[in-house]
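Written out below as structure tokens is the structure these notes cover.
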Amino acid sequence: MRRLLIASCAAMGLTGCLEPGDPLLAVRDTDPPELQSTVPAANAEVAKDGTLSVTFSELMDERTLRPGIAVFSGQTEVALRITVPPLSGIDEDTERGDLPYTVMVGAASGAFASNTSYTLVLRTSLTDYEGNALVEEVRVPFRSSF
């Protein structure tokens, strides 16, 4: 009888663990990132010493930015300088996938060639922090000013 009483008390003590509640881990993000905007927009002009702004729908994996973002002048790829926003300003209660993420892209030399046509290319190798890739390659033609 004593064993039955101890087993019953133990079982009742464990029922608190079985109560429903919030899951320990949030649901995994399976939505691919989207391009929200680029500055300049397609066929627009940027100052020759200016930078391009690329805004994604969510935080991106920084390791994929350099191989995933390219600028071409004809067939020649331009060496780039990519600047990412600091993550320190993000509220820890906000899920990473809910925030727009803007990356600044400029010529590594500090300036694009004057009055030249370029194409910004965003490759499908770009991924968010969950590993979801950009669905399709994006090409944005632009021109540098005099």
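Only the coordinates and a few stated rules stand behind these numbers; no lab work does. Computed from a prediction, not measured in an experiment: that's the story for all the values here. Using ideal geometry, Cβ is built from the backbone for each residue, glycine included, and neighbour counts are taken over all protein chains shown.
A few comments on the model shown:
- Square roots of five times the Cα gyration tensor eigenvalues for region 38-87, Å: 20, 15, 11
- Taking a Cβ cut-off of under 10 Å around D61, the surrounding Lys, Arg, Asp and Glu residues balance to a net charge of -2, with basic ones at +1 and acidic ones at -1.
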